[in-house]
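Take a look at the structure below.
The values are calculated or read from the model by the stated rules, or taken from the named source; none is laboratory data. None of the values given here were measured: they were computed from a predicted structure. Here the Cβ positions follow ideal geometry from the backbone for every residue, glycine too, while neighbour counts run over all protein chains shown. In case anyone asks, the SASA skips ligands and DNA or RNA and just uses the protein heavy atoms, side chains included. Shrake-Rupley method; radii C 1.70, N 1.55, O 1.52, S 1.80 Å.
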Amino acid sequence: MSIPLGIPPALDVVDETFLTVPPKIVAAAFADPAAWRRYWPDLVLEIYTDRGDEGLRWTVRGALVGTMEVWLEPMLDGTVLHYFLRATPARPLGPRQLRKEADRRARAAKRIALGLKEILEDGREPGLPPAIAEPDRDEDGAEARRETA
């Protein structure tokens, strides 16, 4: 199914979740296409923009047709994980079914974000340094590794 130009998507799902980990750590959770199949098993995703530590943009096929984006915004001592899904179901749905599908997709997005939050933060409280190795710069600006905790 293709969506005619100028027709807005039937689903427009937006979610934001704060994680107290650096963007590069969150980006790594989305880097592996096998993870995409776990997060969105009924969707076929193809990257059209890889923004590195700032996230990914995909075209979406399968149960939905459209686009999806994960934007990772550095914020305070962590990352705001922004999720955008703009798509239309591949099969026609009535208004009530469409509302249910939008709610289901929104809840799934939040489940993914909160699951990553639990795993990646590993109990870290806001304001405390992460317990992971982070790059640091020496006097010459070269990257040096140090453990924080």
Net charge contributed by nearby residues that have their C-beta within less than 11 Å of PRO74 (K/R +1, D/E -1) = -3
When only Cα pairs under 8 Å and 6 or more residues apart are kept, what is the percent relative contact order across segment 31-82?
-> 23
Hey, any idea what the orientation-averaged projected area of the convex hull of segment 1-124's Cα atoms comes to, in nm²?
-> 7.6
Of the peptides 79-88, 93-102, how do they stack up when ordered by the mean number of other Cβ atoms within 10 Å, highest first?
-> 79-88, 93-102
Find the accessible area per residue for segment 1-67; the probe is 1.4 Å, ligands and nucleic acids are left out, and the unit is Å².
-> 55
